[in-house]
1. Excluding ligands, DNA and RNA, what is the solvent-accessible area per residue of the range 115-193 at a probe of 1.4 Å, expressed in Å²?
2. Using a 10 Å cut-off on Cβ atoms, rank the peptides 118-125, 136-143 from the highest mean neighbour count down.
3. Taking all protein chains in place and a 1.4 Å probe, what share, in percent, of the accessible surface of the range 98-170 do carbon and sulfur account for?
4. Place the peptides 108-116, 33-41 in order of packing, highest mean first, counting for every residue the other Cβ atoms within 10 Å and averaging per peptide.
Amino acid sequence: MFQEVSVFCNMAVQSWSDLLKASTKTALIHDGKRKIHYLFTDGKEMAEEYDLTTDELTVRKWRSKSTLKGQGPWEIEVGEPVPSTVACLESDVIKENCSNPVFMRKDTKTSFLWRVRNLPYPKEVYNISVEPDQRCCIIRTNNKKYYKTFNVPDLDRSQLPLDSSALNFTHANNTLIVSYKKPKEILTLEHELLREVKKLKGTSEGDVDCKTQ
């Protein structure tokens, strides 16, 4: 049974790998970053940014065609959330909103990493769990001040199971940091993908979609 599940997971990883290889890719080297734009056969777009020095992924975002066949908005998967234009206004309401928790993902080479800023509670208040059946992770606090459900899209795309032993967390400077150790299938896939994108001839002038928006 275990062998059958392993074979199925490997096939799913290969399927996602094949989609990446079949996509139309353009590269842009700018401001110390390698920016890659993917156009898939179904019209979806993915844009990634890598640090040229460390090769770490700093941004991944997605865009789909809208119902009117136009371009939909970019949705951030990895990287800083796009600030709202309202947040630029000066008011007491905005100052209060700035203290609200901010959830974002910023990975390392070996782990998926999520940060939740503006959480002042000590580490013992938090309870982070994996829900394999729901394919998500949940952050809870004993004082019921914060609750967050999030998934791991990388594992979903490759149809890999969630493993509670891979999850860990810490808390410092009012920031909760949740890490999930990448399985070997993801590490292999990311290594192969990085090797391929490095082969792309980067230009100093590229598709605007490669730029962070």
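1. With the other protein chains kept in place, the range 115-193 gives 56 Å² per residue.
2. Highest to lowest by the protection proxy: 136-143, 118-125.
3. C and S atoms contribute 47 percent here.
4. So the order, starting with the most tightly packed, is 33-41, 108-116.
The values are calculated or read from the model by the stated rules, or taken from the named source; none is laboratory data. Note that the structure is predicted; figures quoted are calculated from it, not measured. Ideal geometry is used to build each Cβ from the backbone, glycine not excepted, and the neighbour counts take in all protein chains shown. Each accessible area value is taken on the protein alone, full model and side chains, heavy atoms only, with ligands, DNA and RNA left out. Shrake-Rupley method; radii C 1.70, N 1.55, O 1.52, S 1.80 Å.
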